Amino acid sequence: MGEVLKEVLPNGVTLLVKPTEGAGIVALNVFIRGGITDEDLPGVTNLTTYLLIKGSKNFSKEEISSAFEDFGGSIATSTADEYGEIEILTKVEGLEKGLTVLRDILLNPLFPEEDLEREKKNVLTAIKSKKENPFKFAYSELKKLTFEGTPYERDTLGDEESVKKITASEVKKRWNQLLKGRRFVVSLVGDLENPKETLKLLKETFGEIPEGDFKYPNYEREIKNSQLKVLEREGSQATVLCAFNAPHCKSEYYPAGKVFNAVLGDGFTSLLFRELREKRGYAYATTSFYPTKVNMPRLFAYIGTSPQKAEKALEDLLKVTQEFPFTEEDVEIAKRKIIGDWLIDHQTRLRQSWYLGWFETLGLGFEKDFKFTQLIKDVTFKEVLEIREKFIDHQHQCVLVRP
């Protein structure tokens, strides 16, 4: 396994290449900074990213798919809050053809009207489906509360009203906004005989993307006052979901924040599972999660329970999260979990490529991928305790959804 080659092209595109040894597999991730953070019409980035692989000037959507599937690979797109992504898997012998297709997708997309209308219907169905899922409905409502007044209060899919307004011209307009060099991070991990030659191919593929700067908009919304939103909807389960302040991903407390989250809500040995499900019998399910974001870091804690137990479950969820004691052994177990999950998730080239590009995209530098497990190992019991003192104990925002 070789070192990562990094080059920033004159147009601002960042290229990362990491050679591996194996059976000739190559994974490529193209991150396009922006996501929902700077879109004018909610949901337009999601549709734009999706439609990229539905046809270009020189390749039909069938030809785009076959360029990768003929080698046992694939091409797919997705949209997250802070970036869009193109994900490619192929064999070494199919890489050059795949890059030729990818270049045409980026520079000459067609955004076919019929595919747009079909996908709009699919998105509208997905939006309605989310409203019917207790957890997704509660999370959507909590985002509106904790990220109020920022793009982060929205779903990447948009809303029904906005999606209906999206036309082919809106999609083309959004792609013109996104097609700027500084937005792009390209990460490739594969079994390469000549990594420098691969880097040259990437330069040819991405070198014609127009120059253009990009910086993520800055949003600072700390939770300063505790709030509870109670909602009613049909169903047999009550859902409680709470948000707490958390360390920024560039903070020295970020690794300790990850460990605190694992202590609190990761698996059968976590505080939430032991206290709320096993000892007190509240939970259908309980967990916590701490997404890594450029803006407004939050830790979330969740419990699904019966409507009769909802208020008491909320009370105890807050107590366990903000006050309940944990031990040094709890911290050590949590660290082992994080490191084990991290290593297992890096087994494929596709995930290795994703992590390199993701860290670079968020402004943390791809090097963080190689330092992460050591950063977790170095977290002390005292630092995890301080997460509560400095972030979690202050205030919270909660949503309670019940029949």
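Only a single item in (1) assigned to a loop (DSSP other than H, G, I, E, B); (2) in contact (Cβ under 8 Å) with a residue 24 or more places away in the chain is not met by Phe68, and it is number (1).
Each residue in region 349-376 was checked for being surrounded by fewer than 21 Cβ atoms within 10 Å (Cβ to Cβ) and among the polar types (S, T, N, Q), and 2 of them qualify. Taking every residue in region 350-362 that is not assigned by TED's automatic domain parsing to the domain that holds Ala27 and pairing it with any residue that is assigned to a helix (DSSP H, G or I) and surrounded by fewer than 21 Cβ atoms within 10 Å (Cβ to Cβ), at least 6 positions away or on another chain, the pairs with Cβ-Cβ distances below 7 Å are Arg351/Asp345; Phe359/Lys368.
Within region 252-307, if we keep just the residues that are in contact with a Pro (Cβ under 8 Å, 6 or more places away or on another chain) and part of a helix (DSSP H, G or I), the residue that is surrounded by the fewest Cβ atoms within 10 Å (Cβ to Cβ) turns out to be Pro307. Among residues of region 142-152 being among the charged types (D, E, K, R) and surrounded by fewer than 17 Cβ atoms within 10 Å (Cβ to Cβ), the one that is nearest to the chain's Cα centre (by Cα) is Lys144. Being surrounded by 20 or more Cβ atoms within 10 Å (Cβ to Cβ) and over 16 Å from the mean Cα position of the chain (by Cα) holds for only one residue in Val17, Val4, Val92, and it is Val17. Could you count how many residues in region 132-172 are assigned to a helix (DSSP H, G or I), touching a residue at least 24 places away in the same chain (Cβ under 8 Å) and charged (D, E, K, R)? Residues flagged as assigned to a helix (DSSP H, G or I), touching a residue at least 24 places away in the same chain (Cβ under 8 Å) and charged (D, E, K, R) within region 132-172 amount to 6.
The values are calculated or read from the model by the stated rules, or taken from the named source; none is laboratory data. It should be emphasised that the depicted structure is a prediction, and the values quoted were computed from it without experimental measurement. Methodologically, a virtual Cβ is constructed for each residue, glycine included, from the backbone with ideal geometry; neighbour enumeration extends over all protein chains shown.
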